[in-house]
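Asks: First the structure, which I've put down as structure tokens, then a few questions once you've had a look.
Computed from the coordinates by the stated procedures, all read-outs in this text should not be read as laboratory data. Bear in mind that the values here come from a model prediction, so they are computed numbers and not experimental data. Because the Cβ atoms are built from the backbone with ideal geometry, glycine has one as well, and the counts that use them run over all protein chains shown.
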Amino acid sequence: MSLITTCYKHPDRETGVSCQRCDKYICVSCATPGAVGFLCPEDAKVRVKVPRPSFTKSPFQAAPVTIVLIAINILVYIAEQLVPGLVEQLAYAKFWQGSEYGSLIRVLTSSFTHSTDQITHILFNMYSLYVLGTIIEPMIGKLRFLTLYLLAAFGGGIGVLLLADLGVSVVGASGAIFGLMGAYLILLRALKLDASQMYILIGINLFLGFLPGIAWQAHVGGLVVGAAVAYVLSKTRRREQQSMQIGLLVGIVVVLAGLWIYGNSLLPIG
């Protein structure tokens with residue numbers, strides 16, 4: 001059996017892309033961008049060729065949420081250099097029950113905070129956010145991307161809460177970044193595109209995460225949540241499935257909230 005797939009309108013053109021609604025294989029000339037993935041001419045109700053990528057758009061026009069997130073991280077990093085002790089005030093730590101170090105708000109603030117000892121920490125994370133964000137945000141839209149990013153960051157905090165030793169303190173956008181990696185892997189598979197490089201990239205980064213001084217628990221938590229959010233988005237791509245999509249995303253939030261409550265209930269009382 002041949003594994004080669006061709007466009008249903010142009011049998012002479014090989015392709016790995018299929019319509020997000022009817023699953024017909026389509027080439028670049030027949031593809032029209034959809035909310036997630038592409039549509040065939042019939043489902044898109046157009047008979048024109050898809051516009052070729054334009055390089056005249058600025059990154060802010062193409063992925064504004066990504067650029068804003070990068071800007072926030074950079075501004076916080078500058079503030080860390082100017083305000084002594086700010087890192088400790090923003091970091092999330094697994095401490096006893098009722099401790100401000102383990103508050104929910106610190107899960108969010110810590111994901112925008114980076115180590116002041118190694119500038120490579122923020123440089124690597126912001127580069128990864130830029131690369132992944134400018135790819136994923138145009139695919140799924142601004143609001144969905146922001147939801148994905150924040151839930152992945154929360155998933156990273158839950159990973160630390162459930163898997164790390166008591167007293168571990170973390171900062172950095174790595175949990176959210178791993179969430180984007182997991183999401184992109186799922187989206188590639190949903191579009192029936194080659195995802196082998198993402199498997200390798202995620203595997204290498206997970207392995208490096210086990211080096212001393214790195215919170216691998218946040219990486220695992222972010223990766224799982226990011227993949228789960230992207231799976232929901234990829235399975236509810238049709239317009240008539242929007243209510244289902246919202247309901248399933250709310251369900252993920254409820255599950256994460258339950259894990260947060262459960263994890264905190266296991267902490268010793270200070």
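Asks: May I ask for the Kirkwood hydrodynamic radius of segment 72-184, worked out over all distinct Cα pairs and given in angstroms to one decimal?
Replies: Evaluated on segment 72-184, it is 14.4 Å.
Asks: What are the residues whose amide H is under 5 Å from the amide H of V17, where those residues sit 5 or more places off or on another chain and H is modelled from the backbone?
Replies: Those lying under 5 Å, H to H, from V17 are I26.
Asks: Would you compute, from DSSP H runs of 4+ residues alone, the mean residue ellipticity of the chain at 222 nm, taking -39500 (n - 2.57) per run and dividing by the full residue count, rounded to the nearest 500?
Replies: One gets -19000 deg cm²/dmol as the mean residue ellipticity at 222 nm.
Asks: Taking neighbour counts of Cβ atoms within 10 Å as a proxy for exposure, in what order, fewest first, do H114, H10 appear?
Replies: H10, H114
Asks: Enumerate the aspartates and glutamates that K94 could reach by cross-link, defined here as Cα to Cα under 13 Å, with residues fewer than 8 away along the same chain left out.
Replies: Partners within reach: D165.
Asks: Could I ask something else about it? Could you give me the ³J(HN,Hα) list for segment 159-175, computed from phi with Karplus coefficients 6.51, -1.76, 1.60 and θ = phi - 60°, whole Hz, x at Gly and Pro?
Replies: With coefficients 6.51, -1.76 and 1.60, one gets x, 5, 4, 8, 10, 7, 6, 4, x, 5, 10, 9, 9, x, 8, 4, x Hz.
Asks: Can you list residues whose amide H is under 5 Å from F38's amide H, if they're 5+ apart or on another chain and H is modeled 1.01 Å from N?
Replies: Q20
Asks: With label points built 7 Å along Cα→Cβ from the Cα atoms of V254 and T6, find their separation and express it in nm.
Replies: 4.9
Asks: Grab the Cα-Cα distance for L104 and L206, subtract it from 0.36 nm times how many residues apart they are, and report the gain in nm with one decimal.
Replies: Computed gain between L104 and L206 is 34.2 nm.
Asks: Hey, another quick one. In debye to the nearest 20, how big a dipole does segment 59-265 give about its Cα centre with +1 on each Lys and Arg Cβ and -1 on each Asp and Glu Cβ?
Replies: Taking the Cα centre of segment 59-265 as origin, the dipole is about 820 debye.
Asks: If you project the alpha carbons of the chain onto their three principal axes, what span does each projection cover, largest first, in Å?
Replies: Over the chain, Cα extents along the principal axes are 67, 38, 34 Å.
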